[in-house]
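Data block below; observations after.
The values are calculated or read from the model by the stated rules, or taken from the named source; none is laboratory data. Worth saying up front: this structure is predicted, and the values here are computed from it rather than measured. All Cβ positions, even for glycine, are placed from backbone atoms using ideal geometry, and neighbour counts span all protein chains on display. Quick note on the areas: whole protein, heavy atoms, side chains included, nothing else; ligands and nucleic acids left out. Shrake-Rupley method; radii C 1.70, N 1.55, O 1.52, S 1.80 Å.
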Amino acid sequence: MVGVLIGIVILAIVVYVGVLVYQQRIRKQVVALTTKKASMVAIPLADELKLVGQLSLTGQSLEQFQQLQADYQDITENRFKRIDQELTQLLKDSRGVNLVQLRQRLTKITLLVNQTDELVQDVQAKLASLQEVDKQHREAVRDLEKKYQDLRKTLLAKNFAFGPSIDGLEERLGQLEGNFDTFTRLTQEGDHERAADVLTQLQEDTTNLEDLIAAIPPVYKDLTVVYPDQVKELKGGYQQLSSEQYRFGDQDIPGLIHDAEEHIKDNLNTLNDLRPEDAKVVNDRIAKQIDQIYDLMQTEMDAKDPVETNLDRVAKFIAHAQNQSHSLLNELDRLSQNYTLDHQELETARELNEQLRGIDGIYQQDVQALTGKTATFSQVLDHQNQQEKELKQIEEQQADILKSVAGLADEERQARDTLQQFDFNLHSLRRQVENLNLPGIPQAYLDYFFVVRDEVAQLATDMDQPQIDMERITKQLLIIQTDLDTLQEKTDDLIDSSQLAEQLLQYANRYQTSHDNVAAASQKAENLFEKKFEYAQALETIATVLNEVEPGSYKRLEDAYYDRKGTAKPKRRLEENN
């Protein structure tokens with residue numbers, strides 16, 4: 001029981017202490033809100049309202065000022081009094097224990113103080129804004145008044161620099177001054193809202209006028225001084241060059257100068273319409289036109305000396321190429337009597353000769369035009385440069401053609417020497433075979449021999465033609481050489497096979513009585529040798545059986561044969577099998 005009582009006492013003490021702490025906190029909040037209210041009271045809104053009220057505001061600005069006065073009256077007569085009342089009551093209530101009610105009153109008075117502070121700040125800011133706008137507008141009146149005076153002085157003092165644009169510029173300035181008077185009146189009346197709208201447009205229009213006044217003089221100067229002087233110079237230059245017999249081909253210099261003059265006149269109308277940016281674009285085109293005419297004249301002047309310098313060199317170049325062409329055609333004509341020219345050498349040479357005729361024709365026309373003072377130097381110079389390029393290519397082609405046919409005679413001599421050697425080799429092979437005194441020659445060998453003989457005969461026939469095709473002859477020489485090499489191999493095989501076959505048949509006689517297989521093989525080999533002329537097959541037949549009876553006998557006899565012959569032993573199929 002005592003413990004419970006003690007707990008209750010402690011709880012009561014805690015609650016009491018909590019209430020005291022909260023009451024103290026409320027009092028501090030009251031002090032803070034009282035201080036904030038005092039800071040609002042200290043703001044000199046009445047003085048600022050008095051100053052703004054002296055501005056003689058009208059229109060929307062006056063309506064705004066009147067609303068600010070009403071807000072000030074609400075602040076001083078209502079809000080401040082309510083704040084004082086609420087704070088006094090909150091301080092009084094803070095002695096009680098109704099914490100919920102204290103909390104609600106604190107929230108309500110805090111909201112009232114904050115809203116009032118925001119209203120005070122807003123009124124002060126708008127009063128300052130009205131004063132600043134009035135100040136800015138009065139400064140704008142002074143600045144614009146001076147600016148228009150300066151612009152008027154510029155247009156009066158330098159009206160010559162604006163040409164046809166002066167009337168339009170003065171009209172623009174007059175309109176601006178009229179709008180400025182409206183702005184000045186609204187500012188003096190204090191209707192700053194409407195004055196601000198007029199000022200924005202006025203500043204934009206003033207900037208545009210200043211830009212026009214700055215942009216027009218240089219454009220006008222180009223159109224009235226720079227370009228006319230250049231046109232005058234071009235006319236004089238053209239007259240002088242014409243008197244010195246300069247010609248300009250299909251370029252109508254007077255017409256181009258006239259076009260430039262017309263563009264200058266037309267562009268003055270663009271300035272009259274106060275469109276300097278458009279006029280500047282056209283000025284750039286006029287400048288390019290004038291530069292083009294200067295370039296045309298300069299091109300002709302620059303071309304004159306090189307043309308005169310090149311005349312003799314080009315003439316010599318043409319003459320040399322023509323001599324080369326004449327010599328080449330004669331040589332090709334001579335060679336064509338004896339040789340077939342397979343690569344259109346003669347046709348190409350004739351085409352080059354015709355090309356030379358064309359080059360010489362243009363050259364002669366240019367010489368006549370120069371003599372008659374009717375030549376356009378730049379065109380003649382282009383002709384000369386092209387002629388030298390083409391002449392160089394022609395001489396290179398002539399040299400290539402001459403080089404390609406220069407060795408035909410030597411090739412013919414070498415071909416005849418080779419043909420003679422082929423014929424000698426063919427007869428030599430035939431004597432070698434005949435000296436064997438064989439019972440017959442294999443038909444396959446004879447067929448190949450006759451093919452090679454016919455090839456050599458055809459070569460001889462082709463070489464005896466009035467017109468020799470050396471390219472074809474060269475191909476035949478290569479084919480025949482290959483076929484002769486093959487025939488030589490076949491002849492060597494025929495000789496070796498027949499000789500070895502005879503030796504092995506003689507050697508096999510010692511075994512015929514003792515070995516039936518040797519006798520049978522010998523009879524078969526003799527039949528192949530004597531009747532069918534198959535010497536290689538006869539050799540293989542007898543060699544095989546001898547190796548069976550006497551191993552190594554064939555190799556011994558074969559080695560001895562090649563040793564006596566003095567040549568390297570060919571690799572035979574019989575050895576491969578063994």
Practice task
Those residues that are surrounded by fewer than 16 Cβ atoms within 10 Å (Cβ to Cβ), among the polar types (S, T, N, Q) and in contact (Cβ under 8 Å) with a residue 12 or more places away in the chain, I need them from segment 446-480; list them, please.
Solution key: Gln458, Gln467, Thr474
Completion exercise
Of the residues in segment 301-316, those that are closer than 13 Å to Leu381 by Cα and open to solvent by less than 60 Å² (accessible area, probe 1.4 Å) number 7
Completion exercise
Considering segment 404-415, residues that are at pLDDT 80 or above and surrounded by fewer than 16 Cβ atoms within 10 Å (Cβ to Cβ), and then whichever is nearest to His320 (Cα to Cα), we arrive at Arg413
Problem - Pair list, Cβ under 7 Å, 6 or more apart: segment 224-235 residue on the phi > 0 side of the Ramachandran plot, other residue surrounded by 16 or more Cβ atoms within 10 Å (Cβ to Cβ) - result: none
Exercise for the section: Would you be able to say whether some residue in segment 259-272 is of a type in the set (Gly, Ala, Ser), open to solvent by less than 20 Å² (accessible area, probe 1.4 Å), touching a residue at least 24 places away in the same chain (Cβ under 8 Å) and under 27 Å from Ser378 (Cα atoms)? Expected result: yes
Problem - Every pair of residues 6+ apart whose Cβ atoms lie under 8 Å, when the first sits in segment 301-313 and is touching a residue at least 24 places away in the same chain (Cβ under 8 Å) while the second is open to solvent by less than 90 Å² (accessible area, probe 1.4 Å) and outside any helix (DSSP H, G or I) - result: Met301/Tyr246; Lys304/Tyr246; Val307/Ala375
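Here is a yes/no grid of residues against (1) at pLDDT 90 or above; (2) in a helix (DSSP H, G or I); (3) aliphatic (A, V, I, L, M):
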{"residue": "Thr309", "(1), (2), (3)": "no, yes, no"}
{"residue": "Ala315", "(1), (2), (3)": "no, yes, yes"}
{"residue": "Asn330", "(1), (2), (3)": "no, yes, no"}
{"residue": "Asp342", "(1), (2), (3)": "no, no, no"}
{"residue": "Arg350", "(1), (2), (3)": "no, yes, no"}
{"residue": "Tyr363", "(1), (2), (3)": "no, yes, no"}
{"residue": "Gln384", "(1), (2), (3)": "no, yes, no"}
{"residue": "Lys389", "(1), (2), (3)": "yes, yes, no"}
{"residue": "Gln393", "(1), (2), (3)": "yes, yes, no"}
Problem - Residues (touching a residue at least 60 places away in the same chain (Cβ under 8 Å) and either open to solvent by 80 Å² or more (accessible area, probe 1.4 Å) or in a loop (DSSP other than H, G, I, E, B) (or both)) located in segment 365-382 - result: Lys373, Thr374, Ala375, Thr376, Gln379
Practice task
Tell me which residues, restricted to segment 531-551, are open to solvent by 50 Å² or more (accessible area, probe 1.4 Å) and under 26 Å from Phe449 (Cβ atoms).
Solution key: Lys531, Lys532, Phe533, Glu534, Ala536, Gln537, Glu540
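Per-residue answers, yes or no, for (1) among the hydrophobic types (A, V, I, L, M, F, W, C); (2) closer than 30 Å to Asp222 by Cβ; (3) at pLDDT 75 or above:
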position	(1), (2), (3)
Val97	yes, no, no
Arg103	no, no, no
Val113	yes, no, yes
Gln124	no, no, no
Asp134	no, no, no
Arg138	no, no, no
Leu186	yes, no, no
Glu189	no, no, no
Exercise for the section: Output the residues belonging to segment 492-530 that are assigned to a helix (DSSP H, G or I), surrounded by fewer than 20 Cβ atoms within 10 Å (Cβ to Cβ) and among the β-branched types (Val, Ile, Thr). Expected result: Ile495
Handout entry: Only one of Gln298, Gln324, Gln245, Gln292 that is of a type in the set (S, T, N, Q) and open to solvent by less than 70 Å² (accessible area, probe 1.4 Å)
Key = Gln245
Handout entry: Meets criteria (among the charged types (D, E, K, R) and at pLDDT below 80) for Glu262
Key = no
Exercise for the section: Pull up segment 37-82, narrow it to residues that are surrounded by 14 or more Cβ atoms within 10 Å (Cβ to Cβ) and not in a helix (DSSP H, G or I), then point me to the one that is modelled with the highest pLDDT. Expected result: Ile43
Problem - Flag if Leu419 is closer than 28 Å to Tyr445 by Cβ, out of contact with any Cys (no Cβ under 6 Å at 6 or more places or on another chain) and of a type in the set (A, V, I, L, M) - result: yes
Fill in the blank from the handout: Of (1) in a helix (DSSP H, G or I); (2) surrounded by 13 or more Cβ atoms within 10 Å (Cβ to Cβ), Asp563 satisfies every one except (2)
Practice task
Could you tell me which numbered condition Ala319 fails, if it satisfies all but one of (1) closer than 30 Å to Gln365 by Cβ; (2) surrounded by fewer than 13 Cβ atoms within 10 Å (Cβ to Cβ); (3) touching a residue at least 40 places away in the same chain (Cβ under 8 Å); (4) of a type outside the set (Asp, Glu)?
Solution key: (3)
Practice task
For segment 451-473, indicate whether the set of residues that are in contact with a strand residue (DSSP E or B) (Cβ under 8 Å, 6 or more places away or on another chain) and of a type in the set (A, V, I, L, M) is non-empty.
Solution key: yes
Practice task
Please state which of the following conditions Gln239 fails to meet, knowing it meets all the rest: (1) free of Cβ contacts under 8 Å to residues at least 60 places away in the same chain; (2) open to solvent by 70 Å² or more (accessible area, probe 1.4 Å); (3) part of a helix (DSSP H, G or I); (4) touching a helix residue (DSSP H, G or I) at 6+ places or on another chain (Cβ under 7 Å).
Solution key: (4)
